[in-house]
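*Asks:* Got a structure for you, questions after.
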Amino acid sequence: MRLLQVSLRTLLVYSLIMVLISIPMSIFAVRELLNDEVDESLALRSDQFLKHIKSFEYLDDLELDLKIWDQLSYDVSLIPTSKPVISKEYRSVPLFDSLEHDFHPFRTLTSPVDLKGNHYLLTIRMSLVDNEALIIALVLVQATLIILLAGGLLLLNRSLSRRLWKPFYNTLNQLKAYQLDKAESFIAEKTNIVEFDDLNKTVSHLTERNKRVFLEQKEFIENASHELQTPLAIFHSKLDNLMQIPSLTEAQATTILELEETAQRMSRLNKNLLLLSKIGNDQFREVEDIEVSDLVSRLVSNLKTFADADMTIITAIQPLTIKANGTLIEILLSNLFNNAVRHNVANGEVLIEVSQRTMSITNTGNRLVMDKKRMFERFSKESKHEKSTGLGLAIVKKICDTCSYNIAYSFSNGKHTFSVTFL
């Protein structure tokens, strides 16, 4: 189909070039044909005039009569010449028209005449004004035809291209809107074009296979997270029992504390994976009216309890009510607030603003080393903080995608800013 579209465009270009070339060629051909007709008319008039003059050659005062006649005649001139002219000559020249007081194109025939042993130069002329008007009319007609032809070919090319490529663009639009984590399947449109049918079948097979692999991976993560809960609980219980042994040495107690911290980190990681799985399975369907300003105030008060004493937390909160799932919104805000505190600098600052339909969290910090496009990917982290699992921002992005919120990140003047727009 691409070749067909290119062929149509090539045909259009070649057609326009041929028409443009044909216009001057046709004008030249018409002009030559008209000149030939005029030349034949001039030759006929010249022969008639010579026959007429020859019949009066016996007159004694013929030369005087010719002079008088030459002055009275408009389109015929008979002038004596001292040297004989060998052949006839046709020319197109501009001459002054005494009737219209302007120069006009004329076609002239100059031929030799011998009368009573004297040489004369006979010139017969004919106006080409009508011929020029005809040529101009032909040019206008051809210009109109080329405009109509070009417009028609363009419309034809656009119409054919739109009709031929409609199935392709339908498939492309479906692919753009297709999401693996949604329940909708890719529906291949039946067309009358074999190539597009093959393409749609291949795309449908590919999307179904990818979706199946995605669901299997998600199910594996969910099952693995569920299965890990029991061993982790048993592990925590055993560690608590070990901590109760009175004869523990300091080295043994330190080792048990390190194991406890590792177990807690594994537990947080497991909970985050389960949370991502639940969000992907659309298990948070209940929605309610949530006053974001009240929720932000409550979370900020809790945030100050574990933030460093030298860290400044500033709020600029305006009333904002949205309809959403309360659990997801609380997780979203908590992760963003914790991220701002965890990745701050000494004597840093956190600014939380809520206005209209947007909430922004700004914190001081060092410039990112990693690509900010990978910031929201799972297990993509730059900080080596022991409590960081690399899933916090991935959960934030997943919640925003699920709830159709817009999240944006920027860094300027040593400050990181996350903005969430509630649509």
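*Asks:* Could you give the length gained on full extension between residue 189 and residue 379, defined as 0.36 nm per residue of separation minus the Cα-Cα distance, in nm?
*Replies:* 64.5 nm
*Asks:* Starting from the amide H of residue 317, placed 1.01 Å from N in the peptide plane, find each other amide H under 5 Å away whose residue is 5 or more places distant or on another chain.
*Replies:* Under 5 Å from the amide H of residue 317 lie the amide H atoms of 354, each far enough along the sequence or on another chain.
*Asks:* Of the listed values (i) 1.50; (ii) 1.03; (iii) 1.07, identify the label whose number matches Rg/Rh (Cα atoms, Kirkwood Rh) calculated from this model.
*Replies:* (i)
*Asks:* Quick one: which residues, 5 or more positions from residue 349 or on another chain, have an amide H under 5 Å from its amide H? H modelled 1.01 Å from N in the peptide plane, none for Pro or chain starts.
*Replies:* Result for residue 349 returns 312, 364.
*Asks:* Another one. Accessible area per residue for the chain in Å², computed with a 1.4 Å probe and the full protein assembly in place, what is it?
*Replies:* 63 Å²
*Asks:* Relative to the longest principal axis of the chain, what angle (0 to 90°, nearest 10) does the C-alpha long axis of helix 250-280 take?
*Replies:* 40 degrees
*Asks:* I need the P(r) histogram for segment 278-373: all alpha carbon pairs, bin width 5 Å from 0 out to the longest distance, whole percents.
*Replies:* Calculated P(r), rounded to whole percents: 2, 12, 22, 21, 17, 14, 9, 3, 0.
*Asks:* Which ³J(HN,Hα) values in Hz, rounded to whole numbers, follow from the phi angles of segment 304-321 under the Karplus curve 6.51 cos²θ - 1.76 cosθ + 1.60, where θ = phi - 60° and Gly and Pro get x?
*Replies:* Per residue, the Karplus-derived 3J(HN,Hα) values read 5, 6, 10, 6, 4, 5, 8, 8, 9, 10, 10, 10, 9, 10, 10, x, 8, 10 Hz.
*Asks:* Restricting the count to DSSP beta bridges whose residues both fall in the chain, what percent are antiparallel, rounded to a multiple of 5?
*Replies:* That works out to approximately 90 percent antiparallel.
*Asks:* If you plug each phi of segment 218-227 into the Karplus form 6.51 cos²θ - 1.76 cosθ + 1.60 with θ = phi - 60°, what whole-Hz ³J(HN,Hα) values come out, in order, with x for Gly and Pro?
*Replies:* Ordered by residue, 3J(HN,Hα) equals 5, 5, 4, 4, 5, 5, 5, 5, 5, 5 Hz.
*Asks:* What is the chain's relative contact order, in percent, from Cα pairs under 8 angstrom and six or more apart in sequence?
*Replies:* So the answer I get is 9 percent.
*Asks:* I would also like to ask the following. In whole Hz, what ³J(HN,Hα) sequence does segment 390-406 give by Karplus (6.51, -1.76, 1.60; θ = phi - 60°), x for Gly and Pro?
*Replies:* Karplus-based 3J(HN,Hα) across segment 390-406 equals x, 10, x, 6, 5, 5, 4, 5, 5, 5, 4, 5, 5, 8, 6, 9, 9 Hz.
*Asks:* Leaving out ligands, DNA and RNA but keeping every protein chain, what accessible area does residue 337 have, in Å² rounded to the nearest 10, with a 1.4 Å probe?
*Replies:* Number for this one is 0 Å².
*Asks:* Can you give me the distance in nm between label points at residue 241 and residue 145, each placed 7 Å from the Cα along the Cα-to-Cβ direction?
*Replies:* Placing both labels 7 Å along Cα→Cβ, they lie 10.3 nm apart.
*Asks:* Stick to the Cα atoms of segment 87-175, pair each with every other, and give me the Kirkwood hydrodynamic radius in Å at one decimal.
*Replies:* 18.8 Å
*Asks:* Mind listing the long-range amide H neighbours of residue 106? Cut-off is under 5 Å, sequence gap 5 or more, other chains count too, H placed in the peptide plane at 1.01 Å from N.
*Replies:* Placed amide hydrogens put 93, 95, 128 under 5 Å from residue 106.
*Asks:* If the chain between residue 90 and residue 415 were fully stretched, how many nm would it gain, using 0.36 nm times the residue separation less the Cα-Cα distance?
*Replies:* 108.0 nm
*Asks:* Sticking with this structure for a sec: Tell me the label-point distance for the pair residue 43, residue 281, using the 7 Å Cα-to-Cβ offset, in nm and rounded to one decimal.
*Replies:* That separation, rounded to one decimal, is 10.3 nm.
*Asks:* Same structure again: Normalising by the residue count of segment 184-318, find the relative contact order in percent from Cα pairs under 8 Å and 6+ residues apart.
*Replies:* Here the relative contact order equals 21 percent.
*Asks:* What nm distance separates the two modelled labels at residue 14 and residue 260, each placed 7 Å from Cα along Cα→Cβ?
*Replies:* 8.6 nm
*Asks:* Given a 1.4 Å probe and every protein chain left where it sits, what share in percent of the accessible area of the chain is carbon and sulfur?
*Replies:* Carbon-and-sulfur percentage of accessible area, whole number: 58.
*Asks:* Once a ≥ b ≥ c are taken as the square roots of the eigenvalues of the Cα gyration tensor of segment 139-209, is the result rounded (a/c under 1.5), prolate (a/b larger than b/c) or oblate (a/b not larger than b/c)?
*Replies:* prolate
The values are calculated or read from the model by the stated rules, or taken from the named source; none is laboratory data. A quick note: this is a predicted structure, and the numbers were derived from the prediction, not measured. Cβ atoms come from the backbone with ideal geometry, glycine included; neighbour counts cover every protein chain shown. SASA here: full protein model, heavy atoms, side chains in, ligands and nucleic acids out. Shrake-Rupley method; radii C 1.70, N 1.55, O 1.52, S 1.80 Å.
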